[in-house]
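Following: one structure in structure tokens, then a few remarks.
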Amino acid sequence: MKPQLILLGAPGSGKGTQAARLVSELSYNHVSTGDLLRKEISSGSDLGNKVQGIMNRGELVDDNTVLELLSSNCDVTSAAFIFDGFPRNIEQAKLLDEALIKENASKAVYFDIDLDMLAQRLVNRRTCGDCGEIYNLISKAPAKEGTCDKCGGTNLQQRKDDNEETVKTRLDVFKNTITPVLEYYESQGRLARLDASAGAEEVFGQLEKTVKN
Ligand code: AP5
Ligand code: MG
């Protein structure tokens, strides 16, 4: 089985974009804790109501809530997964190993990029509400304005947390939590880094090499 793949990177560094490609070209399963939490919010569940304000402010949901949601949505004994958005802090990195990855082979990949580049990417992101395809009004606009190239739906949405104020908090949270996570994987020889400031095509090439090595 391919290694379990842990994508680490700031908001807007391209984790979701690259995960979608790994799913279609390398048959990975993709689990994004942000997507799972947003699904809970749109279903109006108790969990969704509990996390809505936290996410709109750009803060982190508590570790055990997210771990529980993640665990019920992936079984690493039967398939290779991409973990997108988990772990966000050192506690989650350890929980992920203990509760889910255990002795399965895994690699962490850090999407390295200057944080100053990210607000522009995030405020210009649009996502298809029907199929989840990710767009950007500047770097990846749909061929026909407002229409998804992939599924033809006309439901392109802007995420609630993609506004300047929340983006600032999200980037601050990232800055304050990422270093011990990188040190954790690096010290175990499990960390690869890629240059996430390159174009999406080039980033995928770097990622593919890392996965296959
Ligand atoms: P989550 O949904 O995980 O958001 P995030 O980490 O902030 O990351 P994003 O999804 O914003 O960015 P991305 O790296 O996926 O970028 P994308 O590919 O879309 O989390 C949201 C919230 O949920 C958190 O704030 C927290 O509240 C909560 N949460 C989630 N997980 C949690 C956890 N484990 N613990 C606690 N709380 C948790 O790309 C972004 C844009 O850039 C797009 O427009 C795209 O087209 C464009 N783009 C992508 N690649 C390139 C490129 N190479 N060049 C130019 N543009 C590009
Ligand atoms: Mg994402």
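At-a-glance table
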item: Residue in the range 58-71 that is near ligand 1 (Cβ under 8 Å from one of its atoms) and crowded, with 22+ Cβ neighbours inside 10 Å present; result: yes
item: Residues located in the range 30-50, provided they are more than 13 Å from the chain's Cα centre (by Cα) and under 21 Å from D75 (Cα atoms); result: K39, E40
item: Checking D75 against (1) part of a loop (DSSP other than H, G, I, E, B); (2) within 16 Å of ligand 2 (Cβ to nearest atom), the condition it does not meet; result: (2)
item: Which listed residue, of G152, G146, G44, is surrounded by fewer than 14 Cβ atoms within 10 Å (Cβ to Cβ), touching a strand residue (DSSP E or B) at 6+ places or on another chain (Cβ under 8 Å) and without any contact (Cβ under 8 Å) to a residue 40 or more places away in the chain; result: G146
item: Candidate set: the range 9-35, residues that are open to solvent by less than 20 Å² (accessible area, probe 1.4 Å) and over 22 Å from S197 (Cβ atoms); chosen: the one farthest from ligand 2 (Cβ to nearest atom); result: Y28
item: Filter result for the condition that a residue is away from ligand 1 (no atom under 11 Å from the Cβ) and assigned to a helix (DSSP H, G or I), over E25, E40; result: E25
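The values are calculated or read from the model by the stated rules, or taken from the named source; none is laboratory data. Keep in mind the model is a prediction, meaning the values are calculated, not measured. Methodologically, a virtual Cβ is constructed for each residue, glycine included, from the backbone with ideal geometry; neighbour enumeration extends over all protein chains shown. Surface accessibility is based on the protein's heavy atoms, side chains included, excluding ligands, DNA and RNA. Shrake-Rupley method; radii C 1.70, N 1.55, O 1.52, S 1.80 Å.
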